[in-house]
Amino acid sequence: MSESVDIRIATPADAEALAALAERTFRDTFAADNAAGDMEAYVGESFSPDRVRAELADGANTFLLAFVGGRHSPAGYAKLRTGTAEPCVTGPAPVELQRIYVDRSAIGRGVGAALRRARLEEARDAGHRTLWRGVGERNARA
């Protein structure tokens, strides 16, 4: 029997847990391709609880959190960002899927699929008609 995956929009109260998950999943994805000092500098700046709080407070961002089997710690997250689009994005009412990451322990448990469905619903409900995603060249899973 598979465990349920619950998705909800993150709030400022989620900043610490989201920061920890974001840092962990980023390291899992990119540490092998980056110098240790560069990785430390990037995650220290990009995934501090204060930085995540600021991103949560920015109305252009929506974070979705995924929880597996009723657990209290998120197993994955997605970040949608409005306001800017690359020149190649020509569809109407665009929104960027800026990040989508799943904790290594939850890969293969339906978290990614649940986040994909939820991000599409969230984007559509907010009036967006074009979802775009830039992917790092060394991120094979993306």
Output wanted: per-residue J couplings in Hz (rounded whole) for the range 48-58, from phi through Karplus 6.51 cos²θ - 1.76 cosθ + 1.60, θ = phi - 60°, x for Gly and Pro. 6, x, 5, 5, 5, 4, 5, 5, 5, 7, 6
Positive end of the charge dipole of the chain (Lys, Arg +1 and Asp, Glu -1 on Cβ, about the Cα centre): tell me which of 19, 69, 88 has its Cα farthest that way. 69
What accessible area per residue, rounded to a whole number of Å², is obtained for the chain using a probe radius of 1.4 Å? 57 Å²
Sorted by chain and then number, the residues having a modelled amide H within less than 5 Å of the amide H of residue 128, at least 5 places away or on another chain, are none
In debye, nearest 20: dipole of the chain around its Cα centre with unit charges on the Cβ of K, R (+) and D, E (-)? 500 debye
Just need the Rg to Rh number for the range 32-142, please, alpha carbons only, Kirkwood Rh. 0.97
Keeping all protein chains in position, work out how much accessible area residue 89 exposes to a 1.4 Å probe, and write it in Å² to the nearest 10. 30 Å²
Integer Hz, Karplus 6.51/-1.76/1.60 couplings in order for the range 121-128, x for Gly and Pro: 4, 4, 5, 5, 4, 7, x, 7
Anisotropy class of the range 1-85 from Cα gyration tensor, a/c 1.5 cut: oblate
Taking a crude spin-label model, label points 7 Å out from Cα along the C-beta direction, the residue 33 to residue 104 distance in nm is 1.7 nm
Under a point-charge model restricted to the Cβ atoms of Lys and Arg (+1) and Asp and Glu (-1), what is the dipole moment magnitude of the range 80-135 relative to its Cα centre, in debye to the nearest 20? 200 debye
How long is the gain from residue 42 to residue 113 if the chain were fully straight, where each residue apart is worth 0.36 nm and the alpha carbon distance is subtracted? 22.8 nm
Under 5 Å from the placed amide H of residue 99, counting only residues 5+ away or on other chains, we find 79
Carbon and sulfur together cover what percent of the accessible area of the chain at a 1.4 Å probe radius? 49 percent
Using the Karplus curve 6.51 cos²θ - 1.76 cosθ + 1.60 with θ = phi - 60°, work out ³J(HN,Hα) for each residue of the range 98-109 in order, rounded to whole Hz, and write x for Gly and Pro. 7, 8, 8, 9, 10, 4, 3, 5, 10, 5, x, 10
Select from 31, 9, 102 the residue farthest towards the positive end of the dipole of the range 1-105; place +1 on Cβ of Lys and Arg, -1 on Cβ of Asp and Glu, and compute about the Cα centre. 9
What helix-only [θ] at 222 nm does the chain give? Using -39500 (n - 2.57) per DSSP H run of at least 4, over all residues, to the nearest 500, the answer is -11500 deg cm²/dmol
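The values are calculated or read from the model by the stated rules, or taken from the named source; none is laboratory data. Computed from a predicted structure; not experimentally measured. Every residue, glycine among them, receives a Cβ derived from its backbone with ideal geometry; neighbour counts consider all protein chains shown. To get the accessible areas, we keep the full protein, side chains included, count just its heavy atoms, and leave off ligands, DNA and RNA. Shrake-Rupley method; radii C 1.70, N 1.55, O 1.52, S 1.80 Å.
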